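Taking it in order: structure first as structure tokens, then the write-up.
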Amino acid sequence: MFVTSAYAQTAPAATDPHAAPAGEVHTETGAAHGGEHGGGVFPPFDSTHFASQLLWLVITFGLFYLLMKKVIVPRVGGILEHRHDRIAQDLDEAARLKAEADAAVETYEKELAAARSKGHQIAETAREAAKTKAAADRAAIEAELSEKLAAAETRIGEIKAQAFAEVGQIAEETASAIVDQLIGAKASGEDIKAAVAAAKTGA
């Protein structure tokens, strides 16, 4: 910022031989403003300021480096390490769950195979039991039929014997009646029985 001098406003040329001509102003630095003001160099590109600019650049870079080393890099490294640990934990948990799932599937398959084997054994046992029961029932029925057949044969034999006995008696009675009709006299029981027996033997 430039400050104008109070003497640069109306000072006449006669009183001060070193005074600037009318229309010119002086600053505190003694630099004249006129046609040379528009041709000055931009300060950042002025070679006289390079040393200070390099100094401040080094200081700024050093501060930025320290900030990166002490604050940003450890914080970013901590975040990355935390994420790495979290990912590792997630992977371990996923591996554990997969191992548990595989174990559960293997156990299920074993139990299913055991259940199928037991089912086959039960079916085979039931089939054998049914065969054994059927054989026993058939044997019992055959034994019962045999007993009934034997009883029927015995009954038939008794009936035949009874019938034969009754036939002999009927024959004797018939023969006695015939003899009475033919000769007009009754024959003795012994003669009639002998005649009936002789007829049976001849038959």
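Figures for the structure shown
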{"item": "Probe 1.4 Å, accessible area per residue of region 35-142, Å²", "result": "89"}
{"item": "Directionally averaged projected area (convex hull, Cα atoms, region 55-186), nm²", "result": "14.7"}
{"item": "Computed accessible area, residue 164, all protein chains, 1.4 angstrom probe, square angstrom", "result": "130"}
{"item": "Over region 36-109, equivalent-ellipsoid semi-axes from the Cα gyration tensor in Å", "result": "64, 13, 6"}
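The values are calculated or read from the model by the stated rules, or taken from the named source; none is laboratory data. These numbers were taken from a predicted model, which means no experiment stands behind them. Surface accessibility is based on the protein's heavy atoms, side chains included, excluding ligands, DNA and RNA. Shrake-Rupley method; radii C 1.70, N 1.55, O 1.52, S 1.80 Å.
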